[in-house]
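To keep things clear, I will list the structure first and then write my remarks on it.
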Amino acid sequence: MPTVRSIVSDALMEIGALGQGETASASDAQLGLRWFQRQLDAWQADRLTLAVQAREEFTVPSGTSEVTIGPAGGDITAVRPVFMEGINYIIPGSSPEVEVPIGPMDRDQYMVLSIKELSSALPLASFYQSSIDTVLGTVFLWPQVSQDVDIVLYYPKGVGVPAALDDILLGPPGYQEAYLYQLAERLITPFAVGDQGVIQRVMLNSREAFARMKRPNTQPG
């Protein structure tokens, strides 16, 4: 199975910074890891790189209007969504469970709500907002629920950002080549690659691999 270390090594070989059978130095490997982490972090903001539709179900206690979600310290422990595709509530006591979509609000619609702590048995609208100073996102529900209500979040989910060189990275078909060539393109600058033939080849392969990876994630409107 491919590790971050093997992807970094192959990317360095692609740009000529490593030869066959050579091993990247510890400092070069760490540099590659940092560039790769930024690469996958950037992919989280591209809807077409997110291949999985995640579903998170949780209970909102009575009297609650805000719920936080993130990898640590939130009400829900999960990947912090960048895009929220849908928020439903489950009709209390329904069997089988019946999910009802909650209308989405944008920031302007949420801003003009006059009574944000209005109370009701069931939520009618929702607003999702990420954060720039924590690892959490916040789901705002309106009106504030006056009973315990089960809520379901639907959002696209991508490959997580690796923490170490020996982390294993999987993904749907096409992702391994995109990992490699996108990283190789990024490493051209820090490794001062001057061979124009190598640069053009890597950039062409990077564009083709990235487009191929995203193609299955394209859905018609």
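The values are calculated or read from the model by the stated rules, or taken from the named source; none is laboratory data. Note that this is a predicted model, so its numbers are computed, not measured. Cβ placement follows ideal geometry from the backbone for every residue including glycine, while neighbour counts extend to all protein chains displayed. Note: accessible area is taken over every heavy atom of the protein model, side chains too, but ligands, DNA and RNA are not part of it. Shrake-Rupley method; radii C 1.70, N 1.55, O 1.52, S 1.80 Å.
Taken one residue at a time, the phi angles of region 99-106 give Karplus couplings (6.51, -1.76, 1.60, θ = phi - 60°) of 8, 10, x, 9, x, x, 10, 8 Hz. Gly and Pro are set to x. For region 128-167, give the percent of accessible area contributed by carbon and sulfur heavy atoms, probe 1.4 Å, rounded to a whole number. That share works out to 51 percent. Can you grab the distance from the C-alpha centre of region 165-184 to the C-alpha centre of region 1-37, Å, no decimals? That distance is 12 Å.
Mind putting a number on the dipole of region 22-78 about its Cα centre? Charges go on the C-beta only, +1 for Lys and Arg and -1 for Asp and Glu, and I need it in Debye to the nearest 20. Charge dipole, region 22-78, about its Cα centre: 100 debye, nearest 20.
Heads up, I need the accessible area for residue 68: 1.4 angstrom probe, whole protein in place, Å², nearest 10. Accessible area of residue 68: about 30 Å².
For the chain, the residue among 84, 152, 3 whose Cα projects farthest onto the positive side of the dipole built from Cβ charges is 3. Per residue of the chain, the DSSP helices (runs of n ≥ 4 H) give a summed -39500 (n - 2.57) that works out to -9500 deg cm²/dmol at 222 nm.
Think of each Lys and Arg Cβ as +1 and each Asp and Glu Cβ as -1; about the Cα centre, that makes the dipole of region 83-205 roughly 260 debye. For region 76-92, backbone phi angles converted through the Karplus equation (6.51, -1.76, 1.60; θ = phi - 60°) give residue-by-residue couplings of 10, 8, 6, 4, 5, x, 9, 10, 10, 8, x, 10, 10, 10, 9, 4, x Hz, Gly and Pro being listed as x. Per the Debye formula on identical point scatterers at the alpha carbon atoms of region 34-149, with no solvent, log10 I(q)/I(0) at q = 0.22 Å⁻¹ is -1.38. Using a probe of 1.4 angstrom and keeping all protein chains present, the accessible surface of the chain works out to 54 square angstrom per residue. Taking a span of 24 Å or more along the helix axis (Cα atoms) and a mean Kyte-Doolittle hydropathy of at least -1.0 as the rule, the DSSP H helices of the chain that qualify are 26-43, 196-214.
When log10 I(q)/I(0) by the Debye sum over Cα atoms at q = 0.09, 0.11, 0.12, 0.13 Å⁻¹ is calculated for this entry, the matching label among [x] -0.41, -0.62, -0.74, -0.87; [y] -0.55, -0.83, -0.99, -1.15; [z] -0.49, -0.67, -0.75, -0.82 is [z]. In order along region 153-168, the Karplus-derived 3J(HN,Hα) couplings, from 6.51 cos²θ - 1.76 cosθ + 1.60 at θ = phi - 60°, round to 9, 10, 8, x, 10, x, 5, x, 7, x, 9, 9, 5, 8, 5, 8 Hz, and Gly and Pro are given as x.
Most simply put, region 104-221 has about 60% antiparallel DSSP beta bridges, counting only bridges with both residues inside it.
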